[in-house]
Structures are given as C-alpha cells and as structure tokens.
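Please read the structure below before turning to the comments.
The values are calculated or read from the model by the stated rules, or taken from the named source; none is laboratory data. Worth saying up front: this structure is predicted, and the values here are computed from it rather than measured. We place every Cβ from the backbone using ideal geometry, glycine too, and count neighbours over all the protein chains shown.
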Number of protein chains: 2
Amino acid sequence: MKIVCEKEKMLKAINSVVKGVASKTTMPILEGILIQTNDNQIKLTTYDLEIGIEYIMDCEVIEQGNIVVNAIMFSEIIRKLPDAEIKITLNNQNLLEIECEGSLYKLATMNPDEFPELPKIDIENSIDIEQNILKSMIRKTIFAVSSEENRPIFTGCLFEIKENKLNVVAVDGYRLAWKTQYLSTKSNDFYAVIPGKTLNEVNKIIMDSLDNIKIGISKNQALFEMENCKIVTRLLDGEFLNYEKSIPENWKTRIRVNKNDIQNCFERISLISSSSIEKEKKYPVKVTIDIGKIIISCTNQTGDAKEELFVSTEGKNLEVGFNPKYFLDALKVIDDDEIFIDLVSNISPCVIRPVEENGDYTYMILPIRMKE
Amino acid sequence: MKIVCEKEKMLKAINSVVKGVASKTTMPILEGILIQTNDNQIKLTTYDLEIGIEYIMDCEVIEQGNIVVNAIMFSEIIRKLPDAEIKITLNNQNLLEIECEGSLYKLATMNPDEFPELPKIDIENSIDIEQNILKSMIRKTIFAVSSEENRPIFTGCLFEIKENKLNVVAVDGYRLAWKTQYLSTKSNDFYAVIPGKTLNEVNKIIMDSLDNIKIGISKNQALFEMENCKIVTRLLDGEFLNYEKSIPENWKTRIRVNKNDIQNCFERISLISSSSIEKEKKYPVKVTIDIGKIIISCTNQTGDAKEELFVSTEGKNLEVGFNPKYFLDALKVIDDDEIFIDLVSNISPCVIRPVEENGDYTYMILPIRMKE
C-alpha cells in the first residue's frame, strides 16, 4: 500500500472515525483503524462491535493495499505533522511508514483480515433530515436517557416516525424529554430505539450544517449516512414507554418565566441542595407558587437558601418538591427566552415547554414528595 | 457583623484569597475564610498553615464583627449571584445571611477565635519588582523544581539577590532553570528558597501588570505584598546548589535553531518515546548533530521515529541521548524565536539559551547515556 494525501484531509477523516475505536478491549485489533484502498479512494473503518464508522475519501493511491494500524498512535502522529503532503507506505517489514517533510515515522501494523466485518444492513425505512436539526434533537433529549442497565430499552432514544413527524424521546423514570420535527418529505411510519452511546458519537460527528443526513433502519440495525461517512449501530430490543399518554393533558397551575432567570435561581440553590451529605436525589428543593411569584427554597446541614422570582402565574397556588438537577438539565438545552411550567398537583408530573417552540419540545419531571 | 458591597468587588477579593484555603485537612476551620471588619474596610484571610493570604478592601460596614465561613460555599454563592449589591449579615442564630435581589442564603459559620494567626514577619530585606516580570521569572523556572520530598530544599526556587540582580533558580537533579533580572533600585544581597507550591499560588494571584510587588524576606518567612493583598509563606531550610559552578563555561558543539521547529519535532517524537512500556525517563531519544543538520530519532516496541531538521551548527559532530520531556518543558516557556543549544560531549550537560535573551535565561539538561 502506498498513498499520498494532504495532512488536513487525512486528519478530518481520522477525526470522523476515531470515535468508533474501542477504548477498553481485550482485542487489540479493535483499537485499530482499518485502511483500505479502492482505485483512487481510501476507506477508513473503526468498529467496537457496537458502533461502526466508515469514512471514504479521494486520495492519490500509488499502490493498492489494506492494513490495520493503532488508531491513537496514527491519529496523534498525523495531528502533529506539519500542514503538508503526507506519504503513507506499508514497507516490506510490515511497518506503516508515515513521511512528511523531515519527519519519518514507522508504526507496527495488524492483519486486516482479522478486522471484524461491519454488519450488513437491509434498510427497510429511511428519512433524510438536516444535520443541524438532528443535532439539536439529540441534544435536547439525550441527557434524559437512563444510565441504569437493568432496563436497557431506556438507555436509548426512541426515534419514531408518525404522521410525517420525527419524534425523538428519552425517559429515565424520573423525567422525559420529547422533541418533534415535521419532515419535509413523505415517509413511512416506523420506530427504533437507538443506544444513547451511539447518539453521543453521532452528535460529535455531525455538523451544525444544512446538509442532509440519512437515517436508515433495518430490523436490528440503524445507519446514519452523510457525504463520505457512514455510522452503523445495533438497535435496542424491548417495549418503549407510551410517552404521549404519560404527559398530563391539562394544567391547574401555569407559570410563564424567563428561562435564564429561573436557571440562575436553580443553579445557585443547587449549591446548597447538592452539598448535602444525603444523596442529591433525595434532597429536594421546594417550589412555592403564589400569585405573581415563585419561591424556591432548600434547607439542610450546609445552610439555608431562598430564591424569590416575580413571574406571571395562572391558576391555583401550589407547593411542590423537585430535584433541581432535573430542571437544570432541560433549562441548559432550551434556546427560547421564555418557558411555560405547567402543574396539576404536588404529586403529578410537571411539564416544561419553551413558549416559542410551540409544542415541539416537551419536558416532564416527576415531583419529589416533601417531608412534612 | 453587617456589610454591603458590590458583587464583583467581593468576588475579586475572594478569588485572591481562596488559593490559600486548605484542601485536605482535618481542621475544618482551615477550610474557611476569616472575614474581619475594621472601620470601613473588611479583611479576608485564608491560611493552610503553609501559605497565608490576606486581602483588604473598602466596603460599607454597618456593624463591625468577625466570622469564619466555609470558603468553597461562600465563594460559589457569591460567584453565582447577579451582578448587584450584596448585603452580608451575621444573624442572631450565628448564620451568615447573604442577600442579593431575590436571593437569600444562610450559611453555617465557625468561631473566628479558632482561626490560626498568620506568622508575624520581621522583614530583613526586600525588593520591589514589576508583577509581570516576577510572573515570567516564576513561569520560566518553576517547572524544574523537584517533586521528590527526600531533598526538600529542591522542591523550592532559589531567590537570590546578588550584585543588584535577582536570580531565580530551580533544579531537580536532571535539569536546571535559571532566570536573571537586573533590578532598577539598589538592594542588599540576600537569598531564600521559597516553596514551589507557594510560587504556583503567587503566580495565579499576580497580574501581567506593570504594578510593583514587594518581596520581603525574614529569617524563616517570605512576604509577597501587592496593593490590597499580602501572601506569607515559610521558607525552605538547607543548602541550595552552587548553580553557577554547575553550568559548563564553554561549548564544543553549538546549534542555532528556530524554537518552534525543534519544539514540534520533540513533540511528535514524544508520541513514540513516551508510549513505550518502559519508563519515559529511561527511554531516551537520540540527537545526532551533523554539519548543518540534526537528526532526532527513537525506536521502541511501538514503532520507529526520525526527525531531520536543517539548522546552523558550529564545532564538532556529536551523538547524545535525552529525555524529550526535559527539552519540551523549557521550549514551552521560551518566548524567543531562536535558541542556542550548546554541548561539550555526550556525557556533559547541554545548555539552552534563547538568542535574544542574551544570557538572562539559562536552561541545562543532563544527557542520558545511550545503550550501545
């Protein structure tokens, strides 16, 4: 194998696939990047047996060939080379020679035949969506996936196509995040639950761009396909929550509040609530809703905190306990200036909706029962 | 105690003293900030029994008093409050009330009489120096202090006044860093060894400004004094190295090289040399000096690296082994474009001097004997 390419182009390719490299593995081959030439293109592949990433780029191929090289060493060396032309050659001692100006590096290689094949995907359904829209949908939901492995289905996000809308939903038993997007082209209804870990990696690879990404679904796999780059992942098995049913239809108390103001209050009060010796989850802050204002308060061994905020309120007064972290997680990803907070009682779910997003983003938190 | 002050002003004061707070201690009082009022000023003090920091600021004092409050909680709350006026009051339950717009926090306090007194310092000698100059002197030497506690004297930097120059020197048995600065005012000769840990904190507090800082020395203590802020520290006991004697007077091989070029070569080659299973220190890179060029190379289990750099050389050819980290530590803090590297033999110290700094900065590394 002998190829010649620009450093920046090769680095971009490596950066895309390196997220698929296994970090803790007993199989050294999975710590590698598979490099394959094909006429005047090369393909880089990484695969940790859960997520597989392929990147194809044009490049001057002087001699065809395939090889696997340690991903970390290869990417670090390319990253630090000067911004110039790089020659990459497999020499006759099976070392990969990387030459660039006055630098010559030789790296040990692995047998490309030992690299596991990525699963073949028979796409049954697919949609096209702008990368920046998908990125925002993932960002607004993924923090709510469960980290508890005893219910694996909730460690992923539901991707559901229904009535020409894409719904992305995450739920962990304490809160639920749901983002909706109308699709511009007609699509078949389908759903799939994609592992949160995969979506984190997808989110790092896709750009804030108007370019499309294709999401394809087969029985057990999903495929994300962009120009040059493909990501394949397994799907999660099981029954997802009937999320629409679990969201209260009406409210008895409604607050309309500036997002930054209430976010600042919760951030400050978290200093007290989370510094407690007891577990954060069990130590709620109390939200008291009165006419025209809310009071957020918390008392524990560290001290005592009270935040008073003038807001617009409708409906009955209420006192309800929350884990402030669950509020903050959502407030951090909401881009709107104003939010509605809708409540029914101190034991019913609380629903947060950005005012301008007009129902396209719904976040729900379960309250915590306050000690009397 | 009752005081009123602007948030930003209080935050600046806290940021200055918080570096003196003990992090791991069995004495909770040392995790606190002592707040003392004095007419229309307050003084904040922290002291971890090694470094003590005092900060004095003007402020509206409505009721005099002293109190100790947990430094982390107090600083985090002040940091997150809106940019407005803050009222701080000790209430009659001995809680410190912090009020700002709609926020009210109450923190547990500790008895100010239990806060240890900072050592009194009888200054025997002192100098005044611009803060930006001191900052640069510390930065160019401190990385070479020893981390080995068996020779405590080398865990600090020598501050030596001689012939109206300030010399700051650090040495760890493998390398030596020495920065000199001419003083504009006449000063008595003296020397002191100041703990590296203190200098790290001093460096975070002092500014890149033309304002002066006073360095005062007593028998066992040093004092750094700026407007509003004082830092006291113990000195290290023992005999420092006769550093001038240990630097070779002549060279037999001289290289003149662009600093960034050789830094990039060492950074790349470190990827190979430091990825070895064997300890970094024992795995040198080989520097081969030939007429008009140097070759830096390294071979181990990971692979093989060679960097060729065209440079200006004088004197005899040479082959010598080095720990690349020791080169990089110095190259990172040198601001000049070009450096001299002077060598005598493959077992004598190698001396690096920035061309423009004209002898005011000297860095010396011991070579590593190469395996034949």
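Report, by residue number, each residue of the stretch B:287-301 that is buried (at least 17 other Cβ atoms within 10 Å of the Cβ) and touching a Phe, Trp or Tyr at 6+ places or on another chain (Cβ under 9 Å).
Those that are buried (at least 17 other Cβ atoms within 10 Å of the Cβ) and touching a Phe, Trp or Tyr at 6+ places or on another chain (Cβ under 9 Å): B:Val287, B:Ile294, B:Ile296, B:Cys298.
Looking at (1) farther than 15 Å from B:Ser273 by Cβ; (2) in contact with a Cys (Cβ under 9 Å, 6 or more places away or on another chain); (3) more than 14 Å from every other protein chain (Cβ to nearest Cβ), which is the only condition B:Ala330 fails?
(2)
All but one of (1) surrounded by fewer than 20 Cβ atoms within 10 Å (Cβ to Cβ); (2) of a type outside the set (Asp, Glu); (3) touching a strand residue (DSSP E or B) at 6+ places or on another chain (Cβ under 7 Å) hold for A:Gln263; state the number of the condition that does not hold.
Only one criterion in (1) surrounded by fewer than 20 Cβ atoms within 10 Å (Cβ to Cβ); (2) of a type outside the set (Asp, Glu); (3) touching a strand residue (DSSP E or B) at 6+ places or on another chain (Cβ under 7 Å) is unmet by A:Gln263, namely (3).
Could you count how many residues in the stretch B:24-69 are free of Cβ contacts under 8 Å to residues at least 12 places away in the same chain and of a type in the set (Val, Ile, Thr)?
Going through the stretch B:24-69 one residue at a time, the tally reaches 1.
Here's a check for you: in the stretch A:199-225, which residue that is of a type in the set (A, V, I, L, M) and modelled with pLDDT of 95 or more is nearest to A:Asn150 (Cα to Cα)? Break it down stepwise before answering.
Filtering the stretch A:199-225 for residues of a type in the set (A, V, I, L, M) gives A:199, A:202, A:205-207, A:210, A:213, A:215, A:217, A:222-223.
Adding the requirement that they be modelled with pLDDT of 95 or more leaves A:199, A:213, A:215, A:217, A:222-223.
On the way: A:Leu199: 20, A:Ile213: 32, A:Ile215: 28, A:Ile217: 25, A:Ala222: 23, A:Leu223: 26 Å.
The residue in question is A:Leu199.
Has the stretch B:120-140 got at least one residue that is more than 19 Å from B:Gly238 (Cα to Cα), among the hydroxyl-bearing types (Ser, Thr, Tyr) and touching a Lys or Arg at 6+ places or on another chain (Cβ under 7 Å)?
yes
Picking from A:Ser276, A:Ser270, which residue would you name as being more than 26 Å from the chain's Cα centre (by Cα) and at pLDDT below 95? Let's see the steps before the verdict.
Working: A:Ser270 fails: more than 26 Å from the chain's Cα centre (by Cα).
Testing whether each residue is more than 26 Å from the chain's Cα centre (by Cα) and at pLDDT below 95 leaves just A:Ser276.
Would you mind finding the one in B:Ile67, B:Ile51, B:Ile42 that is buried (at least 21 other Cβ atoms within 10 Å of the Cβ), of a type in the set (A, V, I, L, M, F, W, C) and at pLDDT below 95?
On the way: B:Ile67 fails: at pLDDT below 95; B:Ile42 fails: at pLDDT below 95.
Result: B:Ile51 is the single residue among B:Ile67, B:Ile51, B:Ile42 that is buried (at least 21 other Cβ atoms within 10 Å of the Cβ), of a type in the set (A, V, I, L, M, F, W, C) and at pLDDT below 95.
Would you point out the residue of the stretch A:28-39, among those that are surrounded by 13 or more Cβ atoms within 10 Å (Cβ to Cβ) and over 26 Å from the mean Cα position of the chain (by Cα), that is nearest to A:Lys12 (Cα to Cα)?
We begin by selecting, within the stretch A:28-39, every residue surrounded by 13 or more Cβ atoms within 10 Å (Cβ to Cβ); these are A:29-37.
This time we only want the ones that are over 26 Å from the mean Cα position of the chain (by Cα), so: A:29, A:35-37.
On the way: A:Ile29: 22, A:Ile35: 14, A:Gln36: 17, A:Thr37: 17 Å.
Selected residue: A:Ile35.
Would you confirm whether any residue within the stretch B:303-322 is within 30 Å of the chain's Cα centre (by Cα) and either surrounded by 20 or more Cβ atoms within 10 Å (Cβ to Cβ) or over 27 Å from B:Leu134 (Cα atoms) (or both)? Reasoning before the result, please.
Our first condition is that a residue be within 30 Å of the chain's Cα centre (by Cα); within the stretch B:303-322, this holds for B:321-322.
When the remaining residues are screened for being either surrounded by 20 or more Cβ atoms within 10 Å (Cβ to Cβ) or over 27 Å from B:Leu134 (Cα atoms) (or both), the result is B:321-322.
Yes.
Out of B:Leu309, B:Leu331, report the one residue that is touching a residue at least 12 places away in the same chain (Cβ under 8 Å), of a type outside the set (D, E, K, R) and touching a Gly at 6+ places or on another chain (Cβ under 7 Å).
Working: B:Leu331 fails: touching a Gly at 6+ places or on another chain (Cβ under 7 Å).
Answer to the selection: B:Leu309.
Which count do you get for residues in the stretch A:300-323 that are outside any loop (DSSP other than H, G, I, E, B) and within 13 Å of chain B (Cβ to nearest Cβ)? Talk me through it step by step, then tell me what you get.
Pass one, the stretch A:300-323, residues outside any loop (DSSP other than H, G, I, E, B): A:303-310, A:312-315, A:318-322.
From what's left, within 13 Å of chain B (Cβ to nearest Cβ): A:303-310.
The number of residues fulfilling the criteria is 8.
Could you look through the stretch B:341-357, keep only residues that are crowded, with 17+ Cβ neighbours inside 10 Å and hydrophobic (A, V, I, L, M, F, W, C), and pick out the one that is farthest from A:Ser103 (Cα to Cα)?
Selected residue: B:Val344.
How many residues does the stretch A:147-167 hold that are closer than 18 Å to A:Asn203 by Cβ and touching a Gly at 6+ places or on another chain (Cβ under 9 Å)? Spell out the reasoning first.
At the first step, the residues of the stretch A:147-167 found to be closer than 18 Å to A:Asn203 by Cβ are A:147, A:155-159, A:166-167.
From the residues that got through so far, the ones that are touching a Gly at 6+ places or on another chain (Cβ under 9 Å) too are A:147, A:155-157.
Number of matching residues: 4.
Let's see how each residue does on (1) assigned to a strand (DSSP E or B); (2) surrounded by fewer than 14 Cβ atoms within 10 Å (Cβ to Cβ); (3) over 16 Å from the mean Cα position of the chain (by Cα):
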{"residue": "B:Asn132", "(1), (2), (3)": "no, no, no"}
{"residue": "B:Ser136", "(1), (2), (3)": "no, no, no"}
{"residue": "B:Glu148", "(1), (2), (3)": "no, yes, yes"}
{"residue": "B:Phe154", "(1), (2), (3)": "no, no, no"}
{"residue": "B:Leu158", "(1), (2), (3)": "yes, no, no"}
{"residue": "B:Ile161", "(1), (2), (3)": "yes, no, yes"}
{"residue": "B:Gly173", "(1), (2), (3)": "no, yes, yes"}
{"residue": "B:Lys179", "(1), (2), (3)": "yes, no, no"}
{"residue": "B:Thr198", "(1), (2), (3)": "no, no, no"}
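Conditions (1) closer than 18 Å to B:Phe143 by Cα; (2) within 14 Å of chain A (Cβ to nearest Cβ); (3) in a loop (DSSP other than H, G, I, E, B), marked per residue:
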{"position": "B:Ile272", "(1), (2), (3)": "no, yes, no"}
{"position": "B:Ser297", "(1), (2), (3)": "no, yes, no"}
{"position": "B:Tyr326", "(1), (2), (3)": "yes, no, no"}
{"position": "B:Ser345", "(1), (2), (3)": "no, no, yes"}
{"position": "B:Gly359", "(1), (2), (3)": "no, no, yes"}
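Taking the stretch B:87-119 as the region of interest, how many residues are touching a Lys or Arg at 6+ places or on another chain (Cβ under 8 Å) and crowded, with 19+ Cβ neighbours inside 10 Å?
The total comes to 7.
Mind counting the residues in the stretch B:36-70 that are of a type outside the set (Val, Ile, Thr) and within 14 Å of another protein chain (Cβ to nearest Cβ)?
So the count comes out to 1.
Among (1) in contact with a strand residue (DSSP E or B) (Cβ under 9 Å, 6 or more places away or on another chain); (2) surrounded by fewer than 17 Cβ atoms within 10 Å (Cβ to Cβ); (3) not acidic (Asp, Glu), where does A:Lys186 come up short?
Exception for A:Lys186: condition (1).
Name the single residue that is nearest to the other protein chains (Cβ to nearest Cβ) among those in the stretch A:71-121 being assigned to a loop (DSSP other than H, G, I, E, B), farther than 19 Å from A:Asp58 by Cα and charged (D, E, K, R).
Let us first name the residues in the stretch A:71-121 that are assigned to a loop (DSSP other than H, G, I, E, B), namely A:81-84, A:91-94, A:101-102, A:111, A:115-121.
Next cut, farther than 19 Å from A:Asp58 by Cα only: A:81-82, A:91-94, A:101-102, A:111, A:115-121.
Narrowing further to those that are charged (D, E, K, R): A:101, A:117, A:120.
Values: A:Glu101: 9, A:Glu117: 27, A:Lys120: 34 Å.
Ranking the candidates gives A:Glu101 first.
Specify which of the listed residues (B:Val311, B:Val285) is modelled with pLDDT under 95 and touching a helix residue (DSSP H, G or I) at 6+ places or on another chain (Cβ under 9 Å). Walk me through how you get there before you give the answer.
On the way: B:Val311 fails: modelled with pLDDT under 95.
It is B:Val285.
In the list A:Ile53, A:Ile62, which residue meets the criterion of being touching a helix residue (DSSP H, G or I) at 6+ places or on another chain (Cβ under 7 Å), β-branched (Val, Ile, Thr) and assigned to a strand (DSSP E or B)?
On the way: A:Ile62 fails: touching a helix residue (DSSP H, G or I) at 6+ places or on another chain (Cβ under 7 Å).
Answer to the selection: A:Ile53.
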